[in-house]
Amino acid sequence: MAKETVIHSPLVRNIPFYEKNFSKTGGRAYRWLYWNIMGRGHYIVASVTCYPDPAQGNELACFDWAAYIGSSEASGTKEREGFKEVAAYGAKLSKEVAIACFPILKEISYRG
């Protein structure tokens with residue numbers, strides 16, 4: 001019988017996320033690209049689902065991700081205020097465009 005190859009998801013601590021929202025059972029981590037154009041925040045946001053991985057000592061690992069594009073009037077000139085709105089309501093990017101924007105996440109499964 002052939003031995004199965006186990007591929008572990010990248011650990012959260014190995015990727016520089018800008019914002020993390022975790023509980024003991026997992027959560028989301030975020031990276032984004034940001035432009036302020038005439039007082040309106042424009043974003044491309046990567047939203048990564050994270051869970052404890054028992055194979056890695058229950059350390060948080062990246063399970064899957066998706067990227068969204070949009071803008072937020074609420075952000076004004078403050079970069080950290082509008083990304084969650086875009087992650088929740090923005091237009092989802094194709095896998096190819098998302099990987100071009102966030103190549104550091106290419107090893108993680110993309111939510112299609």
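Derivation of every value follows stated rules applied to the coordinates shown; laboratory data play no part. For clarity, every value in this text was computed on a predicted model and none was experimentally measured. FYI the Cβ positions are ideal-geometry reconstructions off the backbone, even for glycines, and counts take in every protein chain you see.
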Distance (nanometres) between label positions extended 7 Å along Cα→Cβ at residue 63 and residue 35: 3.4
Neighbourhood charge, 12 Å Cβ-Cβ cut-off, centred on residue 10 and excluding it, Lys, Arg +1 and Asp, Glu -1: -2
Of 20/84; 24/95; 24/84, those spanning more than 23 Å from alpha-carbon to alpha-carbon: 24/95
Karplus (6.51, -1.76, 1.60) ³J(HN,Hα), θ = phi - 60°, over segment 54-66, in Hz, Gly and Pro reported as x: x, 5, 10, x, 6, 6, 5, 10, 7, 8, 7, 7, 8
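What's the extension gain from residue 20 to residue 104 if we count 0.36 nm per residue and subtract their Cα-Cα distance? Kindly include the intermediate steps, with their values, before the conclusion.
Numbers: separation 84, 0.36 × 84 = 30.24 nm, distance 1.66 nm.
Taking residue 20 through residue 104 to full extension adds about 28.6 nm, to one decimal.
How large is the helix-only mean residue ellipticity at 222 nm for the chain, computed as the sum of -39500 (n - 2.57) over DSSP H runs with n ≥ 4, divided by its residue count, in deg cm²/dmol to the nearest 500?
My calculation for the chain gives -3000 deg cm²/dmol from helical runs alone.
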Table column - 3J(HN,Hα) (Hz), segment 31-39, Karplus curve with 6.51, -1.76, 1.60, x for Gly and Pro: 10, 8, 10, 9, 9, 9, 10, 6, x
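Taking the highest mean first, how do the peptides 27-34, 13-20 order by number of other beta carbon atoms within 10 angstrom per residue?
Listed from highest to lowest mean packing, they are 27-34, 13-20.
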